[in-house]
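Working notes, structure below.
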Amino acid sequence: MKATGLKGPLAGKVALVAGATRGAGRGIAVQLGAAGATVYVTGRTTRQQQSEMNRPETIEETADLVNAAGGHGIAVQVDHLEPTQVQGLLDRIAFEQGALHILVNDIWGATRMEWNKPVWESSLDYGLRTLRLAIDTHAITSHFAAPLLIKTRGGLVVEMTDGTDAYNATNYRVSFFYDLAKAAVNRMAFALAHELAPHGGTAVALTPGWLRSEAMLDAYRVTEANWRDATKVQPHFAISESPAFVGRAVVALAGDPDGARWNGKSLSSGELATIYGFTDLDGSRPDAWRYVVEVQDAGRPADVTGYR
């Protein structure tokens, strides 16, 4: 059903955040809601059923957070590897809303990564599963979402990845399969940009910096409230950002009347914060990818001065 009475720069806009159970997807969905959008949030984990990720977060929780932020959140359980489920989702959005203005492809869901192992020592099963979760899901979702998206000029597709195109082009991303997955997502945005442009649509690849996702906070045994304690273990965690930061990046892109200037580009949350002027929850603007190159990868001591 169509929501009424929503307020904000994206009021009247319909978004699909595919892969919104947690992490960047949840952060993006909530910030789109805060801007007044109607947001369909999808994933595999519900209050009744858990995915292979074996995490407690659910799509219903995400929808509730969207509502609390001022938007209209609609949770739909979808396995984005199943074309019939994705087609059903888009049929539902078309029936209930009649339009789709924003698509965020944030599906990931890999449960195991074998870091620092060459391809011949890596599990082929896990590796190919990673590629399916990272690539096939995005392609399937774009296939079914694009026809509805291009019905209205000005549609936006955001392909979520890890690392800018420039960084990934010159840096090995810790494993054959992970490297390939993230490079492929950047290229998907490039290809979609060419296909959407004649219909007035825009596609970009977007990366957060070092994301304080629920899983990352758990790994360091901290919470969002005391995340700085993790810098005692990993000093470079000082450049990390909340999921809200990349969410605000998507809101800025979606609300930009000149957003087509970014078509086909690879962007980062830190880069866009400098251009659009939004901040993270603490009022800072962490520029993680510049920091990674100039400080972390350069072997310099952790120091975020001038980077957030």
- Task: Give a residue-ordered list of calculated ³J(HN,Hα) values for the range 290-306 (Karplus: 6.51 cos²θ - 1.76 cosθ + 1.60, θ = phi - 60°; whole Hz; x for Gly, Pro).
- Result: 5, 5, 4, 5, 7, 10, 5, 5, 7, x, 7, x, 4, 7, 8, 4, x
- Task: At q = 0.20 Å⁻¹, work out log10 I(q)/I(0) for the range 82-241 with the Debye formula, treating every Cα as an identical point scatterer and leaving solvent out; two decimals please.
- Result: -1.25
- Give a quick list of GluC sites (Glu not before Pro) in the range 186-284 that DSSP marks as loop, anything other than H, G, I, E or B, with at most 14 other Cβ atoms within 10 Å. Glu224
- Starting from the eigenvalues of the Cα gyration tensor, five times each then square-rooted, give me the equivalent ellipsoid semi-axes of the range 1-41, largest first, whole Å. 18, 10, 6
- For the range 223-308, the fraction of alpha-carbon pairs in successive 5 Å shells from zero, as %: 3, 14, 23, 22, 18, 12, 6, 3, 0
- Message: Whole angstrom only: what separates the Cα centroid of the range 113-185 from the Cα centroid of the range 198-212?
- Response: 13
- Note on the structure: Computed over the range 1-149, the relative contact order (Cα-Cα under 8 Å, seq sep at least six) in percent reads 25
- Query: Does anyone have the angle between helix 243-254 and the longest principal axis of the chain? Alpha-carbon axes, 0 to 90°, nearest 10?
  - Reply: 50
- Calculated on alpha-carbon atoms, Rg and Dmax of the chain in Å: 18.3, 56
- May I ask for the distance between the Cα centers of the range 45-71 and the range 265-308, given as a whole number of Å? 29
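Over the chain, calculate the relative contact order: mean separation of alpha carbon pairs under 8 Å at least 6 apart, over the residue count, as a percent.
Answer for the chain is 17 percent.
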- Task: Evaluate the range 168-277: find the radius of gyration of its Cα atoms, find its Kirkwood radius, and give the ratio Rg to Rh.
- Result: 1.03
- Query: How big, on average over all directions, is the shadow cast by the Cα convex hull of the range 124-168, in nm²?
  - Reply: 4.3
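No value in this document is a laboratory result; all are computed from the given coordinates. Quantities reported herein were computed from a predicted structural model and do not represent experimental measurements. Here the Cβ is made from the backbone with ideal geometry for all residues, glycine too, and neighbour counts use every protein chain on show.
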